[in-house]
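These notes concern the structure reproduced below.
The values are calculated or read from the model by the stated rules, or taken from the named source; none is laboratory data. The structure presented is a predicted model; accordingly, all values stated were derived computationally and were not measured. Note that we place each Cβ from the backbone using ideal geometry, even for glycine, and neighbour counts take in every protein chain shown. Surface accessibility is based on the protein's heavy atoms, side chains included, excluding ligands, DNA and RNA. Shrake-Rupley method; radii C 1.70, N 1.55, O 1.52, S 1.80 Å.
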Amino acid sequence: MSITSFEFGVEGLDEYYPGVLVPGTLLVIAGYPGSGKTSLAAQLCYHNALKKAKCLYVSTQESEEKFLKFMKRFGFDFEYLITLGLFKFSRLPLIGSEEALDGVLESITSMVLEFNPKVIVVDSITPMAKVVGHDVKRRALIQNYFYNIAFEIGGLVVLITEIPLGEHTIKETGDIEFVADGILILKHDIIDNIL
């Protein structure tokens, strides 16, 4: 299947940024806890899967059951996409060591080869970045892995990362902003006790 461009699945973003998500794009969605990172990534995944672009959603946090139930509240029927073979969810264990990180990257590669997705969402890359800490070579390996996989699949890779409350920049993932083709940062404020 030849795809010339993917869509965010959000009217305003697609209107203002048409044709930005071309095959080979690495997009980072960063933001505060509860700012809508997972929801936006799921919308992007769901919208493109409905257009027959298979989506692989890799989570290091949520179970498939919780994800499917939560997304159904937004009107995203991922169970239907699973029956069509257009969506695959995988929960990988939290990463506690560099050896485990290697196993996670191998698992993702195996799933990509088996499922052949055009959209890959990794929710979240933050645990991977924490494991390698300030090891520049390992950070570069992770960044290059995801950057190159977007080209290999001729698709779109979306990485979700957290920004701690009160912070204004991406810190945990090092220099991902220099590798990514696009970054969306989601923030919220509490004003007069209202989010």
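Observations on the structure shown:
- Breaking point among (1) under 18 Å from Ile125 (Cβ atoms); (2) at pLDDT below 95; (3) over 14 Å from the mean Cα position of the chain (by Cα), for Thr109: (2)
- Count of segment 140-156 residues which are open to solvent by less than 10 Å² (accessible area, probe 1.4 Å) and not in a helix (DSSP H, G or I): 2
- Single unsatisfied condition, Leu40 versus (1) part of a helix (DSSP H, G or I); (2) without any contact (Cβ under 8 Å) to a residue 60 or more places away in the chain; (3) under 27 Å from Ile3 (Cα atoms): (2)
- Cross-chain or 6+ apart pairs with Cβ under 9 Å, segment 116-132 first and under 21 Å from Lys88 (Cα atoms) and in contact (Cβ under 8 Å) with a residue 12 or more places away in the chain, then of a type in the set (Lys, Arg) and buried (at least 23 other Cβ atoms within 10 Å of the Cβ): Asp123/Lys37; Ser124/Lys37
- Selection count, segment 56-98, where residues are in contact (Cβ under 8 Å) with a residue 12 or more places away in the chain, assigned to a helix (DSSP H, G or I) and not aromatic (Phe, Trp, Tyr): 5
- Taking the listed residues Val58, Val20, Val28, the one that is β-branched (Val, Ile, Thr) and open to solvent by 60 Å² or more (accessible area, probe 1.4 Å) is Val20, with no other qualifying.
- Applying the condition of being open to solvent by 50 Å² or more (accessible area, probe 1.4 Å) and among the acidic types (Asp, Glu) to segment 109-138 and asking which residue is farthest from Val157 (Cα to Cα) yields Asp135.
- Verdict on Gly34 being of a type in the set (Gly, Ala, Ser), touching a helix residue (DSSP H, G or I) at 6+ places or on another chain (Cβ under 7 Å) and not in a helix (DSSP H, G or I): no
Rundown of residues vs (1) surrounded by fewer than 19 Cβ atoms within 10 Å (Cβ to Cβ); (2) over 12 Å from the mean Cα position of the chain (by Cα); (3) modelled with pLDDT under 95; (4) under 20 Å from Asn148 (Cβ atoms), yes/no style:
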residue	(1), (2), (3), (4)
Leu50	yes, yes, no, no
Phe67	no, yes, no, no
Asp77	yes, yes, no, no
Glu98	yes, yes, yes, yes
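- Flag if Asn193 is open to solvent by 60 Å² or more (accessible area, probe 1.4 Å) and under 24 Å from Tyr32 (Cα atoms): yes
- Members of segment 112-139 that are under 25 Å from Ser39 (Cβ atoms), assigned to a helix (DSSP H, G or I) and modelled with pLDDT of 85 or more: Val112, Phe115
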